[in-house]
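Chemist: Pasting a structure below so you can have a look.
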Amino acid sequence: MSRRAAPTPPERAGSFAWTWRVAAGLVLVAALAGTAGWAFHRVFPAGGLLPVVLPAALVPPLLAGLTARRPLWLTLLVSVLGWFGAAAAVYRGLPLALPRDLADSWQALLTTLLPAQPEPRLLILVHTLVWLAATAAAELQLRTRARLAPALPPLAAFCAALLLGVDGDGSNLPLAAALVTLAATLALSRDERPVGWLLAGIPVAAVLALVAYAAGPLLPRAAEPYNPRTHAELPPPTRVDSVSPLDRISAWLQIPDRPLFTVRSGKPLNWRLAVLDRYDGVRWTTGARFQPTGGRIPAGEWTGAGEEVRQTITMDGLPGTWLPAAERPGEVDGVPGLAADPESGSLLAAAPPAKGFRYEVVSRVAKPGRQELLDAVPAADPALLAFPKGPQEQLFRKLAQQATKGADLPIRQAYRLQKYLRENARYDLTAPPGHSLKSLEFFLETTHRGTSEQFASAFALMARTLGLPARVVVGFRPGQPENGVYRVKSGDVLAWAEIKFEGLGWRPFYPTPGKSGAKDDHDVVSQAIEESQRLEGEFTQGTVDRPKDGRRGASQAEPGGSGGPPLWVLLPALGAAIVLAYLLVAMLVPWWRRRRRRAPAPAAQRVLGAWLQTCDDLGVRAERALTAEEVVARQPADLSQHLRPLADLFNFVRFAPDEAAAGAADQAWRHSDAVHRAVRRSTPLKHRLRRRLLLR
């Protein structure tokens, strides 16, 4: 393996200017790698990401600079040892699981709800990508003459961060602009030009980066970028606890004063615990696909009016790993190893929380308007309409049709079914437990008494026979208020049902009557139950006409309305995009042409390419009638020391192309590069810019 080739002429190696350029290049390489690594801020919290990105971006260029005069194999060996040592710092110990974690981290991140927990098994991927990018960029900076090649490895790491962070919060547009500026600065620094040229070029690169930053959101795929998570294999449905919360209801009601948890909240709400959407004729289970998350849960289908409710929940004896929260959680803080189901918003701890365990939740409570409820259409999901085979299906359908007779809208059917169960059966703590088809048949035909276990289960199955996709939710009423804290006990347990509507998501229904009739809802009535009762009375009396224009909601945009940006925004953006595209072409075409001419090819062609490049630099390419001797004669004397040998090589190749040696091609390009540098030094900046922009 040969020693490193200096990016400047050998006679300058060791000079102050050469040392300055090498040091500046390594600093820019470290900045590029660090910027690319920081793009993972959409994947991991900043506090866990920074200690990993900084050493991975700074140490490899430093090691490369210290071993600049050593063989490549030794430099790479030192880098690998440094990577392993830094990995030990990430793991805070000997990284025995490093190979397995590297192999699994991609899949783990693609099945994680962002932001991910800053765990070593996941952060090792960021550490490795940034370290590789910094090492490759530093070696390219020190071992090659290519201007932009050192920026390519950080760009690859940045692209990986973009793909893994599509669902994350924040934006990487500023980092993309910074990468453009740093890459342009690096390319300028690798030219043998005065420092003034570099200082003049940086603002131009920054302006281009700002234009790209402004035009980025207007690109066709900017609103819906490619998301690799749509192709990732999600974990299978999870069997959470050996005992379902729905099976615990009767036992909890028998000991109603057992403390379970407390909630500090600004308003009383029902606290959701478990969502059960699969029924096999014997019991309800969950089909949730829980994914790890650092605390953020994707928003539900409803994007209209709503309010945020903050809660601080402290465990006080609640069994199992389900975690209670109001409505649909959006952010959760303080739960290590948290997992969530993006479909239902259910929360799961890695282990049963101990007494006194505390966490915070920010939930979003949906508040659709009256017209939006009237226009609601049931979601098309066959799995949520499944009814186990058996003779009971006919009974459930018959009773459901009887309860909803005359209802012409899905929302009216749901509320009439809720009213039917509340008025035709009674709440009884002593009712036998169970929610199998046989138990529910006995409840509907014979006893007409039960707990919320039977009421919610019967409602969900009856709704399914009407074509309303339904599931069962187990949770708790608000509990007893005490100085802004709601104390939830086992007697506050409650099951209710939810129906899924397109655009609205899941809407709750409470078919369980109160202890003393339909008006008494077990001591504490939450705002959710009160709202459900109000809508029940509104939608089960009188008639409601369907919208004549066939629209699903009053909040929908008018026909012909524009959903995109106005024309006065699009036209300047289009003009800026065209100008940016032209500037990029003006920058890339000369570079591409030069690279193509000196690409590996027969020696004769490379010599001809060197002469053509020199004619371009001298501005005489259009004068095709000039001979090589005439070109030399028309140029200043200070160029003759390089132009004359190049002309001789060119003339030799023209008449004896088969005798050209590889050394002749290399010599021709050395002379061509020298002429190129001399012409650039003697040509004013404005003339060079004009030639570049006009692609001459």
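Chemist: When you scan the stretch 438-495, how many residues do you find that are without any contact (Cβ under 8 Å) to a residue 40 or more places away in the chain, assigned to a strand (DSSP E or B) and within 28 Å of LYS267 (Cα to Cα)?
Modeler: Number satisfying all stated conditions: 1.
Chemist: Can you tell me which residue among ALA376, ALA400 is within 32 Å of the chain's Cα centre (by Cα), of a type outside the set (S, T, N, Q) and either over 26 Å from GLU327 (Cβ atoms) or assigned to a loop (DSSP other than H, G, I, E, B) (or both)? Give the derivation first.
Modeler: Working: ALA400 fails: within 32 Å of the chain's Cα centre (by Cα).
Just one listed residue meets the conditions, ALA376.
Chemist: Is it true that some residue in the stretch 336-346 is under 18 Å from ARG487 (Cα atoms) and in a strand (DSSP E or B)?
Modeler: Within the stretch 336-346, none of the residues are under 18 Å from ARG487 (Cα atoms) and in a strand (DSSP E or B).
Chemist: Would a scan of the stretch 307-323 turn up a residue that is of a type outside the set (Gly, Ala, Ser), at pLDDT 90 or above, part of a strand (DSSP E or B) and closer than 25 Å to LEU110 by Cα?
Modeler: Yes.
Chemist: Among the residues of the stretch 433-442, are any of a type in the set (Phe, Trp, Tyr) and under 26 Å from LYS500 (Cα atoms)?
Modeler: No; the residues of the stretch 433-442 include none that is of a type in the set (Phe, Trp, Tyr) and under 26 Å from LYS500 (Cα atoms).
Chemist: Can you tell me which residue is farthest from the chain's Cα centre (by Cα) among those in the stretch 626-655 that are outside any helix (DSSP H, G or I) and polar (S, T, N, Q)?
Modeler: So, considering only residues that are outside any helix (DSSP H, G or I) and polar (S, T, N, Q), the one farthest from the chain's Cα centre (by Cα) is THR627.
Chemist: With the structure loaded, tell me whether GLN141 is in contact with a Gly (Cβ under 6 Å, 6 or more places away or on another chain) and closer than 23 Å to ALA23 by Cα or whether it fails that test. Let's see the steps before the verdict.
Modeler: Details: in contact with a Gly (Cβ under 6 Å, 6 or more places away or on another chain): yes; closer than 23 Å to ALA23 by Cα: yes.
Judged against the criteria, GLN141 is a match.
Chemist: Answer yes or no as to whether ARG310 is basic (Lys, Arg) and surrounded by fewer than 16 Cβ atoms within 10 Å (Cβ to Cβ).
Modeler: Against the criterion (basic (Lys, Arg) and surrounded by fewer than 16 Cβ atoms within 10 Å (Cβ to Cβ)), ARG310 qualifies.
Chemist: Within the stretch 239-260, which residues are over 28 Å from LYS500 (Cβ atoms) and either surrounded by 19 or more Cβ atoms within 10 Å (Cβ to Cβ) or in contact with a Leu (Cβ under 8 Å, 6 or more places away or on another chain) (or both)?
Modeler: Those that are over 28 Å from LYS500 (Cβ atoms) and either surrounded by 19 or more Cβ atoms within 10 Å (Cβ to Cβ) or in contact with a Leu (Cβ under 8 Å, 6 or more places away or on another chain) (or both): LEU253, GLN254, LEU260.
Chemist: Given the criteria at pLDDT below 90, closer than 30 Å to ALA177 by Cβ and either in a helix (DSSP H, G or I) or touching a Pro at 6+ places or on another chain (Cβ under 7 Å) (or both), does GLY34 qualify?
Modeler: For GLY34, the condition - at pLDDT below 90, closer than 30 Å to ALA177 by Cβ and either in a helix (DSSP H, G or I) or touching a Pro at 6+ places or on another chain (Cβ under 7 Å) (or both) - is not met.
Chemist: Separate question: Could you say whether any residue in the stretch 634-642 is at pLDDT below 75 and aliphatic (A, V, I, L, M)?
Modeler: no
Chemist: I'm checking my understanding of the structure. Among residues of the stretch 262-291 that are part of a strand (DSSP E or B), among the charged types (D, E, K, R) and surrounded by fewer than 23 Cβ atoms within 10 Å (Cβ to Cβ), which one is modelled with the lowest pLDDT?
Modeler: If we take residues in the stretch 262-291 being part of a strand (DSSP E or B), among the charged types (D, E, K, R) and surrounded by fewer than 23 Cβ atoms within 10 Å (Cβ to Cβ), then ARG278 is modelled with the lowest pLDDT.
Chemist: Then there's this: Could you check, for the stretch 17-24, whether at least one of its residues is of a type in the set (Phe, Trp, Tyr), surrounded by fewer than 19 Cβ atoms within 10 Å (Cβ to Cβ), farther than 19 Å from PRO154 by Cα and in the same structural domain as THR185 (by TED's automatic domain parsing)? Write out each step before concluding.
Modeler: Of all residues in the stretch 17-24, those of a type in the set (Phe, Trp, Tyr) come to 18, 20.
Among the residues that remain, those that are also surrounded by fewer than 19 Cβ atoms within 10 Å (Cβ to Cβ) are: 18, 20.
After this cut, where a residue has to be farther than 19 Å from PRO154 by Cα as well, the list is 18, 20.
The next check asks that each one be in the same structural domain as THR185 (by TED's automatic domain parsing); those that pass are 18, 20.
Checked against the condition, which is being of a type in the set (Phe, Trp, Tyr), surrounded by fewer than 19 Cβ atoms within 10 Å (Cβ to Cβ), farther than 19 Å from PRO154 by Cα and in the same structural domain as THR185 (by TED's automatic domain parsing), the stretch 17-24 yields at least one hit.
Chemist: Looking at the stretch 138-170 only, could you name the residues that are touching a residue at least 24 places away in the same chain (Cβ under 8 Å), over 17 Å from LEU58 (Cα atoms) and not aliphatic (A, V, I, L, M)?
Modeler: Across the stretch 138-170, the qualifying residues are ARG143, THR144, ARG145, ARG147, GLY165, ASP167, GLY168, ASP169, GLY170.
Chemist: Considering only the stretch 347-359, state which residues are within 20 Å of GLY484 (Cα to Cα) and assigned to a loop (DSSP other than H, G, I, E, B).
Modeler: Correct list: GLY356, PHE357.
Chemist: Restricted to the stretch 612-625, and to residues that are among the charged types (D, E, K, R) and either in a loop (DSSP other than H, G, I, E, B) or in contact with a Phe, Trp or Tyr (Cβ under 9 Å, 6 or more places away or on another chain) (or both), which residue is modelled with the lowest pLDDT?
Modeler: If we take residues in the stretch 612-625 being among the charged types (D, E, K, R) and either in a loop (DSSP other than H, G, I, E, B) or in contact with a Phe, Trp or Tyr (Cβ under 9 Å, 6 or more places away or on another chain) (or both), then ARG624 is modelled with the lowest pLDDT.
Chemist: Which one of LEU66, LEU129 is free of Cβ contacts under 8 Å to residues at least 40 places away in the same chain and not assigned by TED's automatic domain parsing to the domain that holds VAL332?
Modeler: LEU66
Chemist: A follow-up question, please. Take THR19 and tell me if it is part of a helix (DSSP H, G or I), out of contact with any Ser or Thr (no Cβ under 8 Å at 6 or more places or on another chain) and at pLDDT 90 or above.
Modeler: Against the criterion (part of a helix (DSSP H, G or I), out of contact with any Ser or Thr (no Cβ under 8 Å at 6 or more places or on another chain) and at pLDDT 90 or above), THR19 does not qualify.
The values are calculated or read from the model by the stated rules, or taken from the named source; none is laboratory data. Here the structure is a predicted model, which means the values were calculated and not measured. Positions of Cβ are backbone-derived with ideal geometry, glycine not excepted, and every protein chain shown enters the neighbour counts.
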